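The values are calculated or read from the model by the stated rules, or taken from the named source; none is laboratory data. As the structure is a computational prediction, the values presented were derived from the model and not from experiment. Note that we place each Cβ from the backbone using ideal geometry, even for glycine, and neighbour counts take in every protein chain shown. The protein model used for the area step is the full one, side chains on, heavy atoms only, and it has no ligands, DNA or RNA in it. Shrake-Rupley method; radii C 1.70, N 1.55, O 1.52, S 1.80 Å.
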Amino acid sequence: MTEIGLPPINYGAITPMLILFGASCVGVFVEAFVPKAQRHLVQLVLSLGAITAALVTVVWQADTRTVTAGGAIAIDGPTLFLQGAILVLGVVSILLIGERSLERGGPFVAQAAIVVGSDADRNQTVRQPGATDIYPLSLFALTGMLLFVAANDLLTMFIGLEVLSLPLYLMCALARRRRLLSQEAALKYFMLGAYASAFFLFGLALVYGFTAGTPSGSGDNGGGVDFATIAAAVRNSEVSPALLYAGIALIAVGLLFKAAAAPFHVWTPDVYQGAPTPVTGFMAACTKVAAFGALLRVLHVAFGGASWAYTPVLGAVAALTMLVGAVLAVTQTDIKRLLAYSSVANAGYLLVGALAVNKQGLASTMFYLVAYGFTVLAGFAVVTLVRDADGEATHLSRWAGLGRRSPLFAGVFTFILLAFAGIPVTSGFTSKFAVFGAASGAGHTWLVVVGVLSSMILAFPYLRVVVMMWLSEPGESTPSVLVPGGLTAAALTIGVAATLVLGVAPESLLDLTNRAAEFVP
Amino acid sequence: MQYAPATGLLSTMWLLVAIPLASAAVLLLLGRRADRWGHWLGVASVAASFVLGLTYFFQLRGLTNRSVELSMWQFIEVGSLKVDFGLLFDPLSGVFVLLITGVGSLIHLYAVGYMEHDPGRRRFFAYFNLFVAAMLLLVLGNNYVMLFFGWEGVGLASYLLISFWNHLPSAATAGKKAFLMNRVGDAGLLIAIFIMFATLGTTQFDEVFTHVGALTGGIVLMMGLLLLLGAAGKSGQFPLQAWLPDAMEGPTPVSALIHAATMVTAGVYLIARSNPIYSANPTLQTVVVSVGALTLLMGCIIGCAKDDIKRVLAWSTVSQIGYMFLGVGLGGGAYALAIVHLLAHGFFKANMFLGAGSVMHGMHDQTDIRRFGGLSKYMKITWLTFATGWLAILGLFPFSGFFSKEPIIVAAFARHGWTAWLYGGAALLGAGLTAFYMTRLFVLTFHGPKRWTDEIEHPHESPPVMTIPLILLAIGSVAAGGLMATSVPEWLTPVLGPQEEAHGVLSHTVLTVLATAVTVIGAGLAWALFRKGTAPQELPAGPVVTAARKNLYTDAFNEAVFEKPGIYLTRALVFLDGKVVDGGVNLLAAAVGGGSGRLRRLQTGFVRSYAMSVLAGALLVVAAFLALQMGWLA
């Protein structure tokens, strides 16, 4: 039995993760020791400060290209770009999470353990300020996401996956109103997430088996789960690839579940609808970046040598995802479910970009992730504003005639929907153009055809909302749009501005993605 | 062919176009605030252009290379297509500038009086100035794209002015008709320009004309025919003549300036400007000559049967432009003859249109010559000035037409073989018919018994603001032809080539006598027939007259061949769109919606079924991978 030594760790390279992890721990202590009245402000400042500090360190080491922690973590162009994207989108999400002026006490429950419908529950719904545990939870999730996109072996990746998922399950359960729906969503997400993690682990084991005997491996019999070993095994192994293929398939299932690709998307609408809207925005923006970041690394670095094998299968998944997302969006009646299916369809477009296993595909997918993240956060920010006495009015029929009531916000939401539909002058157009361009450059014309067809279908539900807002008469039940507090206004402004800027002048971000689009071996 | 760059005073020639354009913009933008003085601004801007034009003209006379070009900026630059915004002032555009601004100034002045009681007078002058600017751009452009720019501009102005009284359905319809028929011609011109660009890579006049010799006959023929289509559309020549008479729905000054003196001669200008293209292909020239001869006869015949004073004049315009087309088609020295006739016609036809307007002004807007008669006593100036125009169009010595029309007849007889008799005969016959219908018009209007409608008691002469232009134009009608007959062809030599003596199947003297004879016979016959007046209503007549009254059934032909099938095609397309396209789209939408509804039911909300779905998906993915590995799918 050999002794296990601690591998050298380049702490400088993993500072962003350390900062966030430290800040989340401090956040837990804040919950314990700071008086209730000041907790919200302290947590908010702490979270924003920690994310900003992490972002600064990411920018600081923009040119770092290294593999550290015994090959477990790779800090390279894609890692740093995606970490930066997660952190920027994270800031915007925290702004939404921290908003307390729309509703007394904020959108989160004061004590999640109180039985729904009891007197105590009614009391806390209207009186008590929301619990602030949401901040450390968000920071833990963000830490996991940063690790997830930097992971350079399957085990570290699995740990990243769990670190990011567990806080998310909890966050989904924290809605102040419609708590049963929220708790149900959290439970479903947890159960299905655990289930999907099992697939990932099983795939990991199979791939490990496949790599047995590879000389560069560090395991007992020469195998290993770090990507370099897997890549070498994929290239050189003389073993039957059945294990490899089954392993890729199961690992892909685990990742595609998080990315919400069909048919592993089934949790998405229920969870998106039930979770508090700021958390939904957080999941739609940041989790998507993390999931696709990990998927990109696995597909490019570990299994790049087998791309001929997985491309047709995952291509079929991408096509199915786009079509299912688009077709199901057509008949939705709830704005959050509609955006959930739109998120599914967008996972399909991202997969189209990710399957172009080359520099262009990588760059365009990363661009898409950022563009989509900003737009979807702005979209959910508007959803938090349309309210009546019972909280958010998410049923679409309630949005009829909103253009008369509040032309400004209806106009903003129209712009966001047009961006989702991929109309020029919005980032939706430039990003779709980029991924479809990469896909056709890689020879996946059929995916582009399916993508364009599904975009056409998907334009219908978006435009239906636009028509409803502007061309219907406002009814008795049309809710009002609240004037957003400073935080939501900031988040909304950032999201809309980014959508416009990336649609009109995408060159600088495209340059950045192109420079970042190279994995370390 | 080489154009010299503009220097000195000539480098300001853009002002010619800019001044009326600026005036139009001011009148349109200021709106009602310009109502009180707007018309005088309109007159002044055109008069200023006339003075400038004269100055440039005399500048040009002092130069040795009398083709001066001013390149202002790169207008279009796409790939190898480069189009300059450039102007060309040469002898040909020079005479056009003088005609447009000179006659234009007089007609603008006249319109101040004619439109006095019209609430839209400012708007009228704005459009009128717009027309002058566009027309000047048309004749001043140094490439075909600039020409097309002006060409479309005059088309727009013409449309706006024909339907100026758009509350009258007939005026609105006439405007649309003119616009649509012009589109047909414009498409021809446009395609010709495309061909130029495709084969020569340029649209500059000098470059096109230098290289046209290198093209194959087929290309030149195609290009020339398409240019001819454009010219025929703008100039109201067969087969696109039907819009011009209807265009008389516009105010009379419009008819005088646009639809008699200037715009409708743009086709003649186009062919004269493109003379190297037409001279390069004899077949092309024959086509142009045929169009001209056919149209001039059609115009005469229909003109004999019309009772509306402006329509008679309109058909006479169609017919006279036919003479010009005949001239430019004959080629060689006849190009210049056609231009001389164009200039002379500009004077006497404008004179007669304004005279007609003056008559209508005094007769409560009556236009039916059957309801005129004996006006010579009441409208002395109008009568006398109209008489000069009438004598000029007849072509009697020493009036304009004698010096401008008769040489074209001589040139037609100078063709080879039997075609000399065909085209010369047509031109000669046309002269006799012209004499007949113009005399009919003149006699029925100014002489014979009064056949006025009841409400008219004492027709009055028009105010001086209208009669002064009439007098000036009358002087032009008398003198212009004689003055221009030798000087203008010589002046135009650098553009159109040298004059040569025509030797035809009949000698010049014989033809002069013959032409004068048929004219006198035609006029005498009309005088004898209509000296005692005519019935106040149209009477039933034989097949020839009926056909002429119905425009020789050309409208019926257009309706049957183009309009009806067009309508049926539209209906078929609407049906196709409604049932097939929309049906298909609706079917697809229903399919998507139905599919969505079915799929939605799979979303049960139960974790167990979700887990089932994930498991099934995972199994499928694994199976697909393994199938791939076994080679089942690959």
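What number comes out for the charge environment of A:PRO479, summing +1 per Lys or Arg and -1 per Asp or Glu over other residues with Cβ under 12 Å away? Present the calculation step by step, with values, prior to reporting the outcome.
Values: positive: A:ARG387, A:ARG398, A:ARG405; negative: A:ASP388, A:ASP390, A:GLU392, A:GLU476.
That works out to -1.
Hey, got the average number of other protein chain Cβ atoms within 10 angstrom for residues in A:192-202? Walk me through the numbers before you get to the answer.
Numbers: counts 5, 0, 0, 6, 3, 0, 0, 6, 0, 0, 1.
Other-chain Cβ atoms within 10 Å of each residue's Cβ, averaged: 2.
Determine, from the Cβ-Cβ distance of A:ARG515 and A:ILE9 and an R0 of 22 Å, the FRET efficiency 1/(1 + (r/R0)^6), rounded to the nearest 0.05.
Working: r = 27 Å, r/R0 = 1.21.
Using R0 = 22 Å, I get an efficiency of 0.25.
Taking every residue in A:260-273, how many Cβ atoms of other protein chains lie within 10 Å of its Cβ, on average? Don't jump to the answer; show the numbers that get you there.
Numbers: counts 0, 1, 2, 11, 7, 5, 12, 5, 1, 3, 4, 0, 0, 0.
So the per-residue partner count for this stretch is 4.
Mind checking which of B:GLN237, A:LEU458, B:TYR144 is farthest towards the positive end of the protein assembly as shown's charge dipole, using Cβ charges of +1 (Lys, Arg) and -1 (Asp, Glu) about the Cα centre?
Farthest along the dipole direction, towards plus: B:GLN237.
To the nearest 0.05, what FRET efficiency results for A:MET456 and A:THR493 with a Förster distance of 30 Å applied to their C-beta separation?
Working: r = 31 Å, r/R0 = 1.02.
Computed FRET efficiency for A:MET456 and A:THR493 comes out at 0.45.
Where Rh is the Kirkwood radius over the Cα pairs of region B:4-549, the temperature 10 °C and the viscosity 1.306 mPa s, what D in µm²/s does Stokes-Einstein return? It would help to have the intermediate numbers written out before the result.
Details: Rh = 23.2 Å.
The calculation lands on 68 µm²/s.
Separation of region B:284-310 and region B:547-585 by C-alpha centroid, Å?
Centre-to-centre (Cα) distance: 28 Å.
When the distances between all Cα atoms of region B:24-154 are binned every 10 Å from zero, what whole-number percent does each bin get?
All Cα pairs considered, the percentages come to 13, 36, 31, 17, 4, 0.
What's the magnitude of the charge dipole for region B:4-549 around its Cα centre, counting Lys and Arg as +1 and Asp and Glu as -1 at the beta-carbon? Answer in Debye, nearest 20. Kindly include the intermediate steps, with their values, before the conclusion.
Values: 30 positive and 26 negative charges, 190 e Å.
Dipole about the Cα centre, nearest 20: 920 debye.
How many percent of all Cα-Cα pairs in region A:339-378 sit more than 13 Å apart? List each step's numbers first, then the result.
On the way: 391 of 780 pairs.
Summing the P(r) tail past 13 Å for region A:339-378 gives 50 percent.
Per DSSP H run of n ≥ 4, the term is -39500 (n - 2.57); total these for the protein assembly as shown, divide by its residue number, and report the mean residue ellipticity at 222 nm rounded to 500 deg cm²/dmol. Kindly include the intermediate steps, with their values, before the conclusion.
Values: 46 runs with 797 residues, N = 1155.
Using -39500 (n - 2.57) per qualifying helix, the result is -23000 deg cm²/dmol.
Using a 1.4 Å probe on the protein chains only, how many percent of the accessible area of region B:255-315 belongs to carbon and sulfur?
On the way: 640 of 990 Å².
C and S fraction of accessible area: 65 percent.
Could you give the size of the charge dipole of the protein assembly as shown about its Cα centre, using +1 on the Cβ of each K and R and -1 on the Cβ of each D and E, expressed in debye and rounded to the nearest 20?
Values: 64 positive and 56 negative charges, 424 e Å.
Charge dipole, the protein assembly as shown, about its Cα centre: 2040 debye, nearest 20.
Work out how much length A:ASP121 to A:ARG177 would gain on full extension: take 0.36 nm times their residue separation and subtract the Cα-Cα distance, in nm to one decimal.
Details: separation 56, 0.36 × 56 = 20.16 nm, distance 1.01 nm.
Extra length from A:ASP121 to A:ARG177 when fully extended: 19.2 nm.
Hey, can you rank A:138-146, B:73-81, A:41-49, B:299-307 by average C-beta count inside 10 Å, highest first? Please list the in-between numbers first.
Details: A:138-146: 28.7, B:73-81: 9.6, A:41-49: 17.9, B:299-307: 24.0.
Final packing ranking: A:138-146, B:299-307, A:41-49, B:73-81.
What is the extension gain from B:LEU9 to B:ASN65, computed as 0.36 nm multiplied by their sequence separation minus the C-alpha to C-alpha distance, in nm to one decimal? If you can, show how the numbers build up before the last one.
Working: separation 56, 0.36 × 56 = 20.16 nm, distance 1.54 nm.
Residue separation times 0.36 nm, minus the Cα-Cα distance, leaves 18.6 nm.
Sort B:623-631, B:540-548 for me by packing, meaning the mean count of neighbouring Cβ atoms within 10 Å per residue, highest on top. List each step's numbers first, then the result.
Numbers: B:623-631: 16.2, B:540-548: 11.9.
Ranking, from highest mean packing down: B:623-631, B:540-548.
Averaged across orientations, what area in nm² does the convex hull of the alpha carbons in region A:15-516 project? Kindly include the intermediate steps, with their values, before the conclusion.
Working: hull surface 87.4 nm².
For region A:15-516, the mean projected area of the Cα convex hull comes to 21.8 nm².
Among A:SER93, A:LEU482, A:LEU80, which residue has its Cα positioned farthest towards the positive end of the charge dipole of region A:15-516, with +1 placed on the Cβ of Lys and Arg, -1 on the Cβ of Asp and Glu, and the dipole taken about the Cα centre?
A:LEU482
Could you compute how much accessible surface A:GLU99 exposes when probed at 1.4 Å, giving the result in Å² to the nearest 10?
A:GLU99 exposes around 10 Å² with every protein chain in place.
By what distance, in whole Å, do the Cα atoms of region B:199-244 stretch along each of the three principal axes, largest value first?
Taking the Cα atoms of region B:199-244, the three principal extents are 37, 21, 13 Å.
Please give the per residue accessible area of region A:1-125, computed with a probe of 1.4 Å over protein heavy atoms only, in Å².
On the way: 5970 Å² over 125 residues.
Roughly 48 Å² per residue, with all protein chains present.
Put a dot 7 Å past each Cα toward the Cβ at A:ALA198 and A:LEU155; how far apart are the dots in nm?
Between A:LEU155 and A:ALA198, the label points sit 2.3 nm apart.
Solvent-accessible area per residue for region A:284-370 at a 1.4 Å probe radius, Å²? Let's see the in-between values first.
Numbers: 1270 Å² over 87 residues.
On a per-residue basis, region A:284-370 sits at 15 Å².
Could you point to the residue in A:LEU180, A:VAL163, A:GLY193 farthest towards the positive end of region A:83-220's charge dipole, with +1 and -1 charges on the Cβ of Lys/Arg and Asp/Glu respectively?
A:LEU180
If you roll a 1.4 angstrom probe over the protein chains with everything in place, what fraction of the accessible area of region B:1-152 belongs to carbon and sulfur, to the nearest %?
Details: 3840 of 6020 Å².
Carbon-and-sulfur percentage of accessible area, whole number: 64.
Give the relative contact order (percent, whole number) for chain B; include only Cα pairs under 8 Å separated by 6+ residues. Kindly include the intermediate steps, with their values, before the conclusion.
Values: 1012 pairs, mean separation 75.4, N = 634.
Relative contact order of chain B: 12 percent.
Ignoring ligands, DNA and RNA, what percent of the 1.4 Å accessible area of region A:15-516 is carbon and sulfur?
Working: 11300 of 16330 Å².
Taking all protein chains in place, region A:15-516 shows 69 percent carbon and sulfur surface.
For the pair B:ARG549/B:VAL561, report the inter-label distance in nm, with labels modelled 7 Å from Cα in the Cβ direction.
It is 2.5 nm.
Sticking to Cα atoms, compute the Rg of the protein assembly as shown to one decimal and its Dmax as the biggest Cα-Cα distance, whole number, in Å.
Gyration radius and largest Cα-Cα distance of the protein assembly as shown: 42.7, 138 Å.
Figure the gain on full extension for B:LEU225 and B:ALA616 (residue separation times 0.36 nm, minus the Cα-Cα span) and round it to one decimal in nm. Walk me through the numbers on the way to the answer.
Numbers: separation 391, 0.36 × 391 = 140.76 nm, distance 7.07 nm.
Full extension of this stretch gives 133.7 nm more.
Dipole of chain A, Cα-centred, from +1 at each Lys and Arg C-beta and -1 at each Asp and Glu C-beta, to the nearest 20 debye? Mind dumping the intermediate values first?
Working: 26 positive and 25 negative charges, 205 e Å.
That gives chain A a dipole magnitude of about 980 debye.
Let a ≥ b ≥ c be the square roots of the eigenvalues of the Cα gyration tensor of region A:397-443; is it rounded (a/c under 1.5), or, if not, prolate (a/b larger than b/c) or oblate?
Details: a/c = 6.77, a/b = 3.34, b/c = 2.03.
Here region A:397-443 falls in the prolate category.
Chains A and B: how much accessible area gets covered up at their contact, both sides added, probe 1.4 Å, in Å² to the nearest hundred?
Working: alone 19250 and 26530 Å², together 43210 Å².
For A against B, buried area totals roughly 2600 Å².
Ignoring ligands, DNA and RNA, what accessible area per residue does region B:4-549 give at 1.4 Å, in Å²? Show your work: numbers first, answer last.
Working: 18990 Å² over 546 residues.
I get 35 Å² per residue for this part.
Quick one: check the C-alpha center-to-center distance for region A:1-73 versus region B:190-266, whole angstrom.
78 Å
Short version: which residues of region A:297-344 lose at least 40 Å² of accessible area, all chains versus chain alone, 1.4 Å probe?
By number: A:VAL313, A:VAL327, A:LEU328, A:THR331.
State the Cα centre-to-centre distance between region B:87-146 and region B:351-421 in whole Å.
Region B:87-146 and region B:351-421 have Cα centres spaced 23 Å from each other.
If R0 is 45 Å, what FRET efficiency do you get for B:ALA214 and B:ALA572 from their C-beta distance, rounded to 0.05?
On the way: r = 45 Å, r/R0 = 1.01.
The pair B:ALA214/B:ALA572 has a calculated efficiency of 0.50.
Just tell me how shielded B:605-617 is by partners: mean number of partner chain Cβ atoms within 10 Å of each residue's Cβ, no decimals.
Numbers: counts 5, 1, 11, 1, 1, 10, 7, 2, 7, 12, 5, 1, 12.
Partner-chain Cβ atoms within 10 Å, mean over residues of B:605-617: 6.
In nm, give the distance between the simple-model label positions of A:SER480 and A:GLU162, each being 7 Å from the Cα along the Cα-to-Cβ direction.
Going from the A:SER480 label point to the A:GLU162 one covers 5.0 nm.
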